[in-house]
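The values are calculated or read from the model by the stated rules, or taken from the named source; none is laboratory data. In this text the structure is predicted, and so the values were computed from the model without any measurement. A quick note on method: Cβ atoms are made from the backbone with ideal geometry, for glycine too, and the neighbour counts reach across all protein chains shown. To get the accessible areas, we keep the full protein, side chains included, count just its heavy atoms, and leave off ligands, DNA and RNA. Shrake-Rupley method; radii C 1.70, N 1.55, O 1.52, S 1.80 Å.
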Amino acid sequence: QVQLVESGGGLVQAGGSLRLSCAASGRTSRTAMAWFRQVPGKEREFVAGISWSADSTYYADSVKGRFTISRGNALYLQMNSLKFEDAAVYYCAARQYGDTNYVPRSYVPHSSSEYVYWGQGTQVTVSS
């Protein structure tokens, strides 16, 4: 099992930057991870993901060129040039693959249904 805890959310002015972190505990080998976001009344949407090998990343069109996902001691999401539309609760997600199950090193899941573990979320508010 994997436990995820997000942090780093807060209030930022449009055009500013924010860095989110997701601390993971438990087994994280062969684990794809991603950031999703959700606003009240809407479906949770994919923001950025990274393959289990960390060889590949994938971004939603709405954040390309502005956000950067990376992993080290934790999963990070560097958000630059923030827009009002970026305001949401951001969730960290993870999906583990079996050791014997072949999954391309470059595969990045980008559907919420492909992820199993979720954090509690961290609020990002953008003032215009």
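Pop out the carbon and sulfur fraction of the accessible area of the chain as a percent, whole number, probe 1.4 Å. Carbon with sulfur: 46 percent of the solvent-accessible area.
Per-residue accessible area (protein heavy atoms, 1.4 Å probe) orders Val5, Val63 as Val5, Val63, starting from the largest.
With distances taken between every two different alpha-carbon atoms, the chain has a Kirkwood hydrodynamic radius of 14.5 Å.
Suppose a student asked you for the relative contact order of the chain, using Cα pairs under 8 Å spaced at least 6 residues apart; what percent would you report? Reported relative contact order: 36 percent. The value of relative contact order for segment 1-45, using C-alpha pairs under 8 Å at least six residues apart, is 35 percent.
Accessible surface area normalised per residue over segment 1-106 is 52 Å², counting heavy atoms of protein chains with a 1.4 Å rolling probe. Scaled to the globular estimate 2.2 N^0.38 Å, the Cα spread of segment 58-128, given as radius of gyration, is 1.27. Using a Förster distance of 35 angstrom, determine the FRET efficiency expected from the C-beta separation of Ser111 and Ala14, and round it to 0.05. After rounding to 0.05, the efficiency reads 0.75. The heavy atoms of Asp61 present about 120 square angstrom of accessible area, all protein chains included, probe 1.4 Å. Segment 106-123 and segment 68-104 have Cα centres lying 7 Å from one another.
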